[in-house]
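All remarks here apply to the structure that follows.
Read-outs: derived from the displayed coordinates by stated rules, not from any lab. Not measured: the values here are computed from a predicted model. Cβ sites come from the backbone with ideal geometry, for glycine too, and all protein chains shown count toward neighbours.
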Amino acid sequence: MKKKIALDMDEVIVNIYDRFISLYVEQYNVVPNPEDYVGRKFYNVKGAENFRNYLFEPGFFLDLPIFEGAADVVEWLNTHFDLFIVTAAQEFPHSLIDKYHWLQKHLPFISWKQFVFCGDKSIIKADYMIDDHVHNLKTFDGLGLLFSASHNINENGYIRLNNWNEVKLFFEKELENEPVR
């Protein structure tokens, strides 16, 4: 039986910070200093406090960039594990359809049956969860893996995966350690 992986979208597969940075540049004609948002959400940066409102707009989540290497590794994971894309989409109602179409466009090898749109990830049962938010990992019964993002750089207590190459390496080792059945 394959082990199950619950894989978050935002700031794990999908790069939201690049969109926020672009919006900041459009509004202020200056690139924000990364030191201003290390350890916190981008919309907590001075001058970007209203940027969280963009998350409620139709289409915001539709054309976000995918992180480098994500598609190839997600496809690899999908062949070796029971993979589910788990995203807390309920807070931003327009994101539901945007995220559905984004997944079909960028990860066409993932079936719609593997999409889990939820509000509270504590209901998720899997062997592993890769997420950028510690609060989701705290309530998870399996092995929580923290995907590095600017806002979680000061978090400790979890195995940290900094990029998609590290994700693949971690799960290659997990497969090697799998007991023969």
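For the chain, relative contact order (Cα pairs under 8 Å, six or more residues apart, normalised by length) works out to 28 percent. Using a Gaussian network model of the chain in which every pair of alpha carbons under 10 angstrom is joined by a spring, one finds that among Trp112, Trp102, Trp164 the greatest mean-square fluctuation is at Trp112. Among Lys125, Lys3, sorting on how many other beta-carbon atoms sit within 10 Å of each Cβ, with the fewest leading, yields Lys125, Lys3. Once both axes come from the Cα atoms, what is the angle between helix 70-80 and the longest principal axis of the chain, in degrees from 0 to 90, rounded to 10? The two axes meet at around 20 degrees. Can you tell me the orientation of helix 16-28 relative to the chain, as the angle in degrees between its alpha-carbon axis and the longest Cα principal axis, to the nearest 10? So the helix axis and the longest Cα principal axis differ by about 10 degrees. Centre-to-centre, using Cα atoms only, the stretch 146-181 and the stretch 112-129 are separated by 18 Å. Of all lysines in the structure, not one lies under 17 Å Cα to Cα from Lys41 without also being fewer than 8 positions from it along the same chain.
Fewest neighbouring Cβ atoms within 10 Å first, the residues Ile16, Ile130 line up as Ile16, Ile130.
Among beta bridges from DSSP that stay inside the chain, the antiparallel ones total about 5%. Need the list of lysines near Lys173 for cross-linking: C-alpha distance under 19 angstrom, and skip anything on the same chain fewer than eight residues off. The qualifying lysines are Lys2, Lys3, Lys4.
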